[in-house]
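Right, one structure below, let's go through it.
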Amino acid sequence: MSRRRTLGTKKKLALLAGAAAVAGGGAFVAANASNAAQTAPGAQTKAAGDSTVCQGLATALGNNLRFIDGQRADPDAQSEARIANREAVVAEIERKQEASGCTAGESAPAPGSAASPQSPPASQPAQTSQPAQAGEQVCTGSTVILSGEGGAPAASSNQFPLGTTLRVTNLDNDKSTTVTVDSVSGSCALLNDAAFEEVREDGKFLIRRALIEKVG
């Protein structure tokens, strides 16, 4: 006859209590792991950046990349230095994209890109048949972005020769800055970082409603 071991009442209670403790501990660990997953830094996907900020930075990046392409396609004696400068600007814009929660390296196509084949090479400012007069509004309908370049407030342009003075007014906040064109770019008027800071709205890297005037 087989002999079955029987457990005393006290031993049964002890085993049940131990099992409950293990189960409870597991639930506690699982709950804390779940909470940690919800609150740990980086556990959740980084929120997308403000669309206006991202669009402005993407436009600035695209403009600089097209300028670099233009310099390589039609180089002159200064192209190598210009390209090196703009490559540093591109790196800075990509850093700003990442810091702002935007997609780093995302660039926007040129406005009205279908007409771009007729545009003049980026290395030479376009010549208009009737040059703008002092006090005349220019670049009508153009949005204004930053070039990403440092230094004192200044502008770059593919339409106006070096030394031209422009007044840029942000019609959304009525702030203005007067700057001198000191370099060539792929747009009618680009502001460097210092000039852009004087007229932009907080947190925005794009001026949709701008008044650009030639003042000298």
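Restricting attention to the stretch 160-194, and to residues there that are open to solvent by 60 Å² or more (accessible area, probe 1.4 Å) and among the acidic types (Asp, Glu), which single residue is farthest from Thr140 (Cα to Cα)?
Among residues in the stretch 160-194 that are open to solvent by 60 Å² or more (accessible area, probe 1.4 Å) and among the acidic types (Asp, Glu), the one farthest from Thr140 (Cα to Cα) is Asp182.
Hey, any hits in the stretch 173-196 for a residue that's part of a strand (DSSP E or B) and basic (Lys, Arg)?
yes
Look at the stretch 91-110 and say how many of its residues are assigned to a helix (DSSP H, G or I), in contact (Cβ under 8 Å) with a residue 24 or more places away in the chain and either farther than 19 Å from Ala155 by Cβ or open to solvent by 20 Å² or more (accessible area, probe 1.4 Å) (or both).
Adding up the residues that qualify gives 4.
Could you look through the stretch 180-216, keep only residues that are farther than 23 Å from Ala81 by Cβ and among the aliphatic types (A, V, I, L, M), and pick out the one that is modelled with the lowest pLDDT?
Looking at residues that are farther than 23 Å from Ala81 by Cβ and among the aliphatic types (A, V, I, L, M), I get Leu206.
Under the condition of being in contact with a Ser or Thr (Cβ under 8 Å, 6 or more places away or on another chain) and over 18 Å from Leu190 (Cα atoms), which residue from the stretch 65-77 is most open to solvent (accessible area, probe 1.4 Å)?
Arg72
The values are calculated or read from the model by the stated rules, or taken from the named source; none is laboratory data. Because the structure is predicted, anything quoted here is derived from the model rather than measured. In this analysis, Cβ positions are derived from the backbone assuming ideal geometry, glycine residues included, and neighbour counts consider all displayed protein chains. Heads up: the accessible areas ignore ligands, DNA and RNA and are worked out on the full protein's heavy atoms, side chains in. Shrake-Rupley method; radii C 1.70, N 1.55, O 1.52, S 1.80 Å.
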